[in-house]
Amino acid sequence: MSTERSLFHRTTLRAVITFVALVGLSACEDAPTPPKAVPYTPVTLYNIQHSDETIAKFPGQVEASEYSNLSFRIGGKLQELKVKAGEEVKENQLIARLDDRDAKAQLATAQSQFDVSSAMFERMEASVEKGAVSRSTFDEAKANFLAAKASLTNAQDQLSYTELRAPFAGLIASVPVENYQVIVPQQTIAELHMPGAIDVTFQLPEQKMRMIDRSRARKNRSSEMAWVTFSGMPEKRYGAMYKDHESSTRQGELSYEVTVTLPEPDDINVLSGMSATVLLDMSKLIESDTKLWLVPFGAVVTDNAQPEKAIVWRFKPSADDAKKGSVEAVEVTITRGISNGLLVEGPLKDDDKIVAAGAHLVKEGQSVTEWTKEGGL
């Protein structure tokens, strides 16, 4: 009897263990898989700022507003050079003189021929009236007289061309020749600048040139839309006005030459060729509703699919946690850099947050979380 009871207990125990195992296995199979955690990349976010700063800075070069490259009409040996660079001259003042010995000899010969032909013409004129000479003989004498007169005038002009005089009062900017040098016609002897105004030229990038509103530029032509500073007095600004710009780019460059003009400063010596800095008020040249956004330097990156495009990553917060979300690319145009960041244009809004640090490590739609610096001890 005891043997049967023991066998019953062992059989019952095995059944219970088997049942528990099956129940446990069934429970394991039916239990739902816990959701996989979404990885969030920590990033530093930045609230973009709308900037009213529209002053762009460009390196420039001083040029004379009105100037003349003085040169001789004829060639020869430079006998006298009467001026030097930086010298002020008066109107009609002698600048230089060529060796005039040949010109004087030609003038003497022309004068002699004119005197002879003139006397002959006067005699023929009196004789033809009396019928003493034929009309053909008179016509020949007249032709000789007129030719001699033209030769005399030409010889006088050639002698006058040996002198070079200032066409107006001004400042000698440069003298690229030396005394006793043999020169050719139209070779520059001196560059004469008219006082009163100066020009400053600078290169405006193609991107900014496309932004200029032509009608706005013409409307504001007579008002100050630029300032110029010089290396001698960098803290002082001199108001300037837009003058003109080239209609085509120079070979190998993607910029246009723009010229502004201003009165010649009376408190600093400014000469042609000197360096200057142009501060251009773009708001007077472009559409007034253009907005500029100030963003950190590291926030602007290039699009891997289109490397020529600049983008920023805009943060899109999730519905249940404002510190977590995803990012989307926003194309922007860089206008210029300033001391504390970049000024860009693009479809941004005042309440937008963008990735400020690590922007080159994220991609479209990536999950991110705002990183905040933890306080130290």
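No lab work stands behind these numbers, since they all come straight from the coordinates. Please read all numbers here as calculations on a predicted model, not as lab measurements. Backbone-built Cβ (ideal geometry, glycine too); neighbour counts: all protein chains shown.
When the Cα centres of the range 125-197 and the range 295-354 are compared, how far apart do they sit, in Å?
A separation of 72 Å, based on Cα centres.
Taking the Cβ-Cβ separation of residue 73 and residue 122 as r and a Förster radius of 35 Å, what is the calculated FRET efficiency to the nearest 0.05?
0.55
Of 57/236; 208/349; 82/104; 77/104; 291/316; 82/243, which ones are farther than 26 Å apart at the Cα? Don't skip to the answer; put the middle values down first.
Numbers: 57/236 15 Å; 208/349 22 Å; 82/104 21 Å; 77/104 14 Å; 291/316 22 Å; 82/243 34 Å.
With Cα atoms farther than 26 Å apart: 82/243.
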